[in-house]
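Have a look at the structure below, then the notes.
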Amino acid sequence: MTLLRVEGLVVRHGLLTAVREVDLAVAPGEVVALVGANGAGKSTLLHAVAGSLPAAQGRVLLGGEDVTTMPAHQRVRAGISLVPEGRRLFPSLSVLENLLVGVPGGSRAAGPATSGLPRGGWDVDRVLDAFPVLARLRDRPAGLLSGGEQQATAIGRALVADPALLLLDEVSLGLSPAAVDVVYASLEAVLAGGVAVVLVEQDIERALRTATRIVCLLEGRVTRDVARRDADRAEITRAYFGTGTEVPS
Amino acid sequence: MRLLDAVVQGCLLGGQYALFAAGLSLMFGVLKVVNLAHGDLGILAAFAAIGLAAGAGLPLALAVGVVLVGMLGIGAALHAGLLARTTGALPQISMIATFGLSVVIGNALQEVFSADPRALDLGWFGTAGVSLGGISVGLLPAAVLAVAVLALTGLHLALTRTAFGRRVRATADDPGTAALVGVDARRTYLVVTALAVGLAGLAGVAYAASSLVTPLAGPSRLIFAFEAVVIGGLGSLWGTLLGAMVLGVAQSVGSVVDPSSGVLVGHLVFLMVLATRPAGLLARARVRA
């Protein structure tokens, strides 16, 4: 079964074509790392999958259902949650309120929409258990958090919708190395929970350690799509920088 | 004693302004839209209530109820038909659009109802009052102040305590990210606009019950509401209530000093606040809404 299937996707920012005819398939429980230089189209691809950027051509299918024209807020119900780059918390809401906004139906008791997709069974209580720092800071305004605390809140806010597919955009950007370790340590619980993840990560070492599959993007196109066990660091680096896309023998 | 009386009357007057300002403040806080037709929408509700009660002979409570429900619908239509098309554009675009709406409503009312001043007749309640230690307090102005405080308190509780309120505040903070966590920003905006226009209707009916209204009275109501919002601090509901009180008291006390310059004193106080505390009186202890 394929959870997410992207077919011939083209996304434009005005005149600039950021994603060019990308095909991508993600199976349930898979952890896919998107690797590529700045401007390769990684974030754009995530936003098009989440529905916050329109597809110029091509299709996005979730669990076999075409969601290409579905607005972003409905895709959350359908099972796709995005943790945006820069966290983008609601600064005037407390940590707990940020989480509750992400709950379908808006209240703590409401369960997620069921669409038959495999999900991780996340809710507010489980998020507070998995991220103890959030339980401690629950009543603090999100505008007053440190970067690592903000990132934990942003991941929690995406998880409470109980997604089948979690998209993580640059979760380590702008954080101290210690905070990155904490964020990835708490992500372990998410990865173990059966949610499929597509993550964008600048740190290739980190991507290779976390993901089960590596997809390299260069100038909007997929140049490599390999399982981690077949991934060779030097090869990924070359694909990242676009130096010699043909593998030297 | 005259001064104390003026302060009390000013607070009662402030209740009127607060009611007009509540919807304006809500809409600016959430949609970042200054609805220049806000006053005219209130006057529209006032004339609709007068028409239904005095013209069509409906019982007063029923007429007011019908008008308020109608105003919610007009608010929803205002968003769907006009403001939804201007969101994302420059803020000036929605200001120009609502300014146009203001002109249209005022002139349409004048066409239908003529320029004669009218009032909503509440019978004995409209003129009844009690004397509190030598200061006479009108029942109607007191009721209007109570309704204003209730409306603002209700709004505050709805925004801070309910799931709907969380979605509204999240959308006000960042509509794009709100969509990414499952909030339908467009629907949130539509409900908020409906509420704001409903409040404008309530304010307009209260105004018509308290004094004579003319079809072109909207812009002057808008000015006082706008001053109340700015004095209190943009986007802060408690600030709006405080701002309305400050404006009402300034006008009332000003009239005691010189009967013809009460409104002028109100404007001067507004300018003083703008010059010394441009973010408003409650800018720091701000209740985001």
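The values are calculated or read from the model by the stated rules, or taken from the named source; none is laboratory data. For clarity, every value in this text was computed on a predicted model and none was experimentally measured. As a convention, Cβ positions derive from the backbone with ideal geometry for all residues, glycine included, and neighbour counts pool all protein chains shown. Each accessible area value is taken on the protein alone, full model and side chains, heavy atoms only, with ligands, DNA and RNA left out. Shrake-Rupley method; radii C 1.70, N 1.55, O 1.52, S 1.80 Å.
Figures for the structure shown
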| quantity | calculated |
| --- | --- |
| Accessible surface of segment A:108-227 [probe 1.4 Å, protein heavy atoms]: carbon and sulfur percent | 53 |
| Solvent accessible area, Å² - residue A:21, 1.4 Å probe, full protein context | 120 |
| Tensor-based shape of segment A:61-209 (alpha-carbon gyration tensor, a/c under 1.5 rounded, otherwise prolate or oblate) | oblate |
| J(HN,Hα) series, segment A:84-93, from Karplus relation 6.51 cos²θ - 1.76 cosθ + 1.60, nearest Hz, glycine and proline x | x, 4, x, 6, 6, 6, 8, x, 8, 9 |
| Interface residues in segment B:164-180 - accessible area drops by 20 Å² or more relative to the isolated chain, probe 1.4 Å | B:166, B:167, B:169, B:170, B:173, B:174, B:177, B:179, B:180 |
| Stokes-Einstein diffusion coefficient of segment A:174-221, Kirkwood radius over Cα pairs, 10 °C, 1.306 mPa s, in µm²/s | 131 |
| Cα-based shape type of segment B:1-140, given that a ≥ b ≥ c are square roots of the gyration tensor eigenvalues and the cut on a/c is 1.5 | oblate |
| Descending semi-axes in whole angstrom, ellipsoid equivalent of chain B, from the Cα gyration tensor | 29, 24, 18 |
| Cα Rg over Rh - segment B:80-184, Kirkwood | 1.14 |
| Accessible surface of segment B:1-147 [probe 1.4 Å, protein heavy atoms]: carbon and sulfur percent | 73 |
| Rounded accessible area of residue B:32 (nearest 10 Å², 1.4 Å probe) | 100 |
| Rg/Rg_globular for segment A:130-184, with Rg_globular taken as 2.2 N^0.38 Å and Rg from C-alpha atoms | 1.11 |
| Cα gyration tensor of segment B:68-122 - equivalent ellipsoid semi-axes, whole Å, descending | 27, 15, 8 |
| Between A and B, accessible area buried - total, square angstrom, nearest 100, 1.4 angstrom probe | 1700 |
| Stokes-Einstein diffusion coefficient of chain A, Kirkwood radius over Cα pairs, 20 °C, 1.002 mPa s, in µm²/s | 117 |
| Residue-averaged [θ]222 nm for the protein assembly as shown, counting only DSSP H segments that reach four residues, each worth -39500 (n - 2.57) | -17000 deg cm²/dmol |
| Exercise: per-residue mean of other protein chain Cβ atoms within 10 Å, A:63-73 | 2 |
| Fraction in percent of alpha-carbon pairs per bin - 10 Å, the protein assembly as shown | 4, 17, 23, 19, 15, 12, 7, 3, 1, 0, 0 |
| Averaged over A:81-88, number of beta-carbon atoms from partner chains that fall within 10 Å | 3 |
| Amide H partners (placed H, <5 Å) of residue A:198, local residues excluded | A:32, A:166, A:167, A:168 |
| Interchain or long-range residues, amide H under 5 Å from residue A:221's placed H | A:20 |
| Extension gain, residue B:110 back to residue B:158 (0.36 nm per residue minus Cα-Cα distance, nm) | 13.6 nm |
| Spatial separation of Cα centroids for segment B:124-139 and segment B:207-261, in angstrom | 21 |
| Averaged over A:96-104, number of beta-carbon atoms from partner chains that fall within 10 Å | 5 |
| Span-like helix ranges in chain B, DSSP H, alpha carbon extent 27 angstrom or more, Kyte mean at least 0.5 | B:2-31, B:91-113, B:139-161, B:185-210, B:237-257 |
| Between segment A:155-176 and segment B:1-58, the Cα center-to-center distance that results, in Å | 45 |
| Solvent-accessible surface (1.4 angstrom probe) belonging to residue A:70, in square angstrom, nearest 10 | 40 |
| Burial order of peptide ranges A:81-89, A:201-209, B:249-257, B:227-235 (average beta-carbon count within 10 Å, highest first) | B:227-235, A:81-89, B:249-257, A:201-209 |
| Mean Cα-pair separation over length for chain B, i.e. relative contact order, pairs under 8 Å, 6 or more apart, % | 37 |
